[in-house]
Structures are given as C-alpha cells and as structure tokens.
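Only one structure is covered here, and it is reproduced in the block below.
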Amino acid sequence: TQQDGVIRPGYWSPGNFSYTFGIAEFVRQPARAPGVAVGTPAQRTVLIVNHDEPACGVFQFGKNLHTALGNAQSRYRFELANCAGEHDIRAAIEHAQPAAIIYNWHPATMPYIDKAFTRRMGSPAIPAIGFFHEITADAANSVGDDIFDCWICGDPTLQTKNPYIFGSGRPLPVYENTRPLPAVPTIGSFGFGFPNKGFARLAGLVQKQFDEAIIRLHIPYSAFFDPDGKEAKARVEEARAQIQKPGIRIEATHSLLSTDGLLDFLAGNSLNAFLYDDMYRGIASTVDYALVVDRPIAITRSYMFRHLWDAAPSILVEQRTLPEILAAGTAPLARYRQAWAAMSLAKEYETILDRILAGRYGAH
C-alpha cells in the first residue's frame, strides 16, 4: 500500500544496453456500497456477464450492448466481464460489487447457468437478469423465473403481459461512413456459415436482377458451429454455383473481423442484403451493424427481421427488386437508427433497471 512504501524493482543486463522500467503504487480503495462506483456516488453499477469466445454472435452482441450503453449518459454504470466460467464470474462480481447482473446468456454458450447458479451468485439480493436471444412470441408469453429473476430481450416489437420480461431496442454501433460508393454495384452480406443464411439465394437474385455486379461475402468460422470452416466454405461454393453471367463475380473472406473492420466492410458496399430463411427465432444481430453504415438494406420476410418489416418504402425482396431497394437509398432506415441510438437505448435500460431494482417485476 501507499502507506507501507513502494517496491523498487531491480534489473541487471550484461553489455551496454539501455532499458526502461516502471514503478507501480498499489493504493487500497475506500470501502463502497454494493453497486456504487467509486467517485460517482449517484451511479449504480450493473455488471454485464459475457462468455469469452469472440467468434460468436452472442459474444459480439454482449460487447456491442456494453459499448452502446457506455456511450450514453446514464444513471447506471455498465461494466462488462468476459468470463470462461463460474470462477471468472465470481471474480467479476467481487470486483464490480454490482446492484444487478445482466447475463448475456444462451444455452449453447453458458450451459452451466441455472437457478442454483444465480442463487450462488447472490440472487435475489443482486437481481439476476437474463438476456433472452432466441425470443419468440410464445417464449415471451411463457418465460418465468426458472433460471433468472427476470429477462430482457432486444425485441422492439415485443407485445406481452408477462411481468418477467422486458423488451428494448437494438444496441447499434457508432460509425461514420466516409467511403465513396463503389463504381460497380456491390452487394454485401455477412454471417456465420449456417445453411439458412441465404447466401446462395442472394447470389441467385443478383444473377437474375443485375448484368454487372460484385457480391461480397464475409463468412467467418463459428467457434461453436463451424470451427474448421467447412460450412463457411460450402456456403461460398453454393453461391458461386448460382453465377452464370460474366459480369457477376463473388469475393469471399473468412477471417473474423473486429467491429470496426466489419463496419468498414459493410460501408464499402452499395447495398447490404440478408436473405435468411423464415426461422421462428430471435431477432438477428446482423442488421444492427448494417443499419449504421448509411447504405441501403435488403431483407427477406424472415421472422428474425420482424422489427424491420414496416420499413417504407419496403426493403423486403419479396416485394421489391434489389435495384429498386438500392435506388430508394437509406430513407426507409432513418427512423430505426434514431429510435435505437445509444441515448434512447440507455433510457430504456434505466427504466427497466429502475423497475427491477424496485422489485416491480414478476409476481411482486
């Protein structure tokens, strides 16, 4: 400690070498109440627990959620912890002393979490909140407190009277697109190599509706689903098989990009398209990135894009062609970017957390 003195490290090196070393002072912090950050007595800390594998959409969502909430002024302080298991989570709780914990949970990434686990971590004194990724109308109406005390889901269309779950907007990254439009129509898409992502369908649609175009596909390997990249490569070959016109070509990449790298990829396209199969699942995070790069978006009428179905003019490929969607520009997207901006999202989370910490959820 500062009172006990400073440790002065020594270093010896043979020959005429120069070197630099630093001295660290460790000062004991004053005691603090749970959930209150030192130096900011008005803020209560909320810990966001993420798993620790970056090559995963759930992980990236947790990171983006923390970034979005951290970019906005709020009465809550949000702290992110990427954890491999119970030991890491305990250490994060001890460090943060949170008023509440949001678990960025999915059964495939945190299978060890159950009701007994959240009780060991301090629930209900420290409310355990699960983020529900695979939210559907049926799940929203039936979910209870069997794992977590209550739930949050990033579904702006949520309509339910279930007192255990709260809906919110989407955590959009912050990005300014300064890139010029490509000279040749360039249609981009990205995602892990699941067969239901519609990459081949996109290639077929571009083949049908354009005589000259570039299709850019970014399909990284999924740590949980496709660690060796076999599926990612198969999706590219399926897309290439759709191309017959000499003016259409496909460019594919597989290395996992940082958030900024992914946004740069999307910003370099004329239009970004996501042609998922109609899966009855939670909202897809891919369009969160595409919304902020100021480029038109095309989607299928998949349940995973239900929060964008009412865009006007329509961005659905079942209703309009890709050239028509491209010509309409980004005007259909403006209201979504405004509604889910960082400040709006932070206000929603303040309201939700106020209710949870006051015990106004569930059977209470």
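Points worth noting:
- For region 92-203, average projected area of the Cα convex hull in nm²: 11.0
- Residue pairs, from the table 208/233; 115/233; 115/197, whose Cα atoms sit over 29 Å apart: 115/233; 115/197
- At the residue level, residue 280 shows approximately 120 square angstrom of accessible surface with a 1.4 angstrom probe and all protein chains present.
- One quarter of the surface of the convex hull around the alpha-carbon atoms of region 283-323 equals 2.9 nm², the direction-averaged projected area.
- Once backbone amide H atoms are built at 1.01 Å from N, residue 256 has 221 as its partners under 5 Å, excluding neighbours fewer than 5 places away on the same chain.
- Counting DSSP beta bridges with both ends in the chain, the antiparallel % (nearest 5): 5
- Per residue, the chain exposes 48 Å² of accessible surface when a 1.4 Å probe is rolled over the protein heavy atoms with every protein chain present.
- Taking a straight line from the alpha carbon of residue 347, these lysines sit under 20 Å away, with near neighbours fewer than eight places off in the same chain left out: 63.
- Inter-centroid distance (Cα atoms) of region 194-209 relative to region 321-364, Å: 29
- For the chain, size of Cβ-based charge dipole, Lys and Arg +1, Asp and Glu -1, in debye: 460
- Against the criterion of solvent-accessible heavy-atom surface with a 1.4 angstrom probe, 175, 76 sort, most first, into 175, 76.
- Region 275-364 has equivalent-ellipsoid semi-axes of 31, 16, 9 Å, by the square roots of 5 times the alpha carbon gyration tensor eigenvalues, sorted largest first.
- Solvent-accessible area of residue 240, all protein chains in place: 100 Å² (probe radius 1.4 Å, heavy atoms, ligands and nucleic acids excluded).
- Helix 342-357 axis, angle to the chain major axis (alpha carbon atoms, nearest 10°): 50
- Using alpha-carbon coordinates, inclination of helix 86-96 to the longest axis of the chain, degrees: 70
- When the residues 105, 309, 151 are ordered by accessible surface, computed with a 1.4 Å probe over the protein chains alone, the sequence from largest down reads 309, 105, 151.
- Size descriptors for the chain, from the alpha-carbon set: Rg then Dmax equal 23.6, 76 Å.
- Taking the alpha carbon gyration tensor of region 144-247, multiplying each eigenvalue by 5 and rooting it gives semi-axes of 36, 20, 14 Å, largest first.
- Counting only protein heavy atoms and using a 1.4 Å probe, the accessible area of residue 286 comes to about 10 Å².
- As a fraction of the 1.4 Å probe accessible area of the chain, surface on carbon and sulfur atoms comes out at 53 percent.
The values are calculated or read from the model by the stated rules, or taken from the named source; none is laboratory data. These numbers were taken from a predicted model, which means no experiment stands behind them. Cβ atoms come from the backbone with ideal geometry, glycine included; neighbour counts cover every protein chain shown. These area figures cover heavy atoms from the full protein model, side chains too; ligands, DNA and RNA do not enter into them. Shrake-Rupley method; radii C 1.70, N 1.55, O 1.52, S 1.80 Å.
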